[in-house]
Amino acid sequence: MRFGIIGTGTVGRTLAGKLIALGHEVTLGSRTKDNTGALAWAEQAGARGHCGTFADAAAFGEVVINATSGTVSLQALRAAGAEQLAGKVLLDVSNPLVFSPTGELTLDPVNTDSVGEQIQREFPDTRVVKGLNTVNAMVMVDPRRVPGQHNLFIAGEDVEAKAQVTAVLEQFGWPAGSVLDLGGIAAARGMEMLMPFWLRLMGHFGHADFNYSIRTAE
Ligand SMILES: NC(=O)c1ccc[n+]([C@@H]2O[C@H](COP(=O)([O-])OP(=O)(O)OC[C@H]3O[C@@H](n4cnc5c(N)ncnc54)[C@H](OP(=O)(O)O)[C@@H]3O)[C@@H](O)[C@H]2O)c1
């Protein structure tokens, strides 16, 4: 399958590498065509790895992944272009983290809105699925870094799009029952609001190889 990844940071490159290893084709998108990190990534990725602008990545992908900071995701996706994203599944892995000069963390948007919802509102013809934002990039593509049964969450309006994303997550190594569907895209609020808690847990453990494990009475 062809994937377009909007974002050349740790998450974009980690997801791109895993998708290539799984036999998919990837275009990694950045603001400019000559991004040195993206060019270096494409060079080592081989024939199925490409790089270009956000618009190139969006046009290329049958599935598109937003891997930019939630505070700039709308700008990045506007540059990608609504026409390139129309009808496509967009997996949004972003978090809207804002750090003050003293290191204090807030989220923007928060409480009554989320990046997932902002994207779905601005791109109504795109099938937005929130997911993967609650785990570290390495755990995203290698869930066995954390022992035992643990969970991912997804949210979105389009049931088929969520099934398509779940199938990709299964290829990453997430067992079928480990992906919990929280409902419509408004559930992205809670998923994004886990981040201040997640960062405290990382401080507690001193590393990022951990995850949430949800137990129920059934
Ligand atoms: N790090 C993790 O383990 C982890 C885990 C879960 C979720 N997340 C979330 O995943 C997302 C990506 O994180 P990351 O650390 O990989 O990357 P990042 O540093 O947050 O974002 C990198 C991308 O943002 C683009 N960018 C920067 N400023 C921009 C602007 N003003 N307008 C448009 N695009 C802009 C960059 O473009 P260029 O390519 O042109 O430089 C680059 O492609 C974030 O929302 C993060 O919270 C991260």
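Of the residues in the stretch 40-62, at least one is within 13 Å of the ligand (Cβ to nearest atom) and exposed (fewer than 14 other Cβ atoms within 10 Å of the Cβ). In the stretch 166-201, what residues are in contact (Cβ under 8 Å) with a residue 60 or more places away in the chain, of a type in the set (A, V, I, L, M), within 15 Å of the ligand (Cβ to nearest atom) and within 15 Å of Met140 (Cβ to Cβ)? Met191, Leu194, Met195, listed by residue number. All conditions in (1) surrounded by fewer than 24 Cβ atoms within 10 Å (Cβ to Cβ); (2) more than 8 Å from the ligand (Cβ to nearest atom); (3) among the hydroxyl-bearing types (Ser, Thr, Tyr) hold for Thr27, with the sole exception of (1). Applying the criterion of at least 2 residues that are within 20 Å of Gly52 (Cβ to Cβ) to the strands (runs of 3 or more DSSP E) found wholly in the stretch 79-121 leaves 89-92. Counting only residues that are in contact with a strand residue (DSSP E or B) (Cβ under 8 Å, 6 or more places away or on another chain) and farther than 14 Å from Ala80 by Cβ, the stretch 6-32 holds 8 of them.
Just to be sure I understand, how many residues within the stretch 169-213 are more than 20 Å from Ser114 (Cβ to Cβ), of a type in the set (A, V, I, L, M) and not in a helix (DSSP H, G or I)? Residues that pass the stated criteria total 1.
Select from the stretch 12-21 the residues that are surrounded by fewer than 24 Cβ atoms within 10 Å (Cβ to Cβ) and touching a residue at least 60 places away in the same chain (Cβ under 8 Å) and write down the one among them that is nearest to the ligand (Cβ to nearest atom). Here the answer is Thr14.
Just so you know, all these numbers are worked out from the coordinates, no wet-lab data involved. As the structure is a prediction and not an experimental result, all values here were calculated from the model. For neighbour counting, all protein chains shown are included, and Cβ atoms are generated from backbone atoms with ideal geometry for every residue, glycine included.
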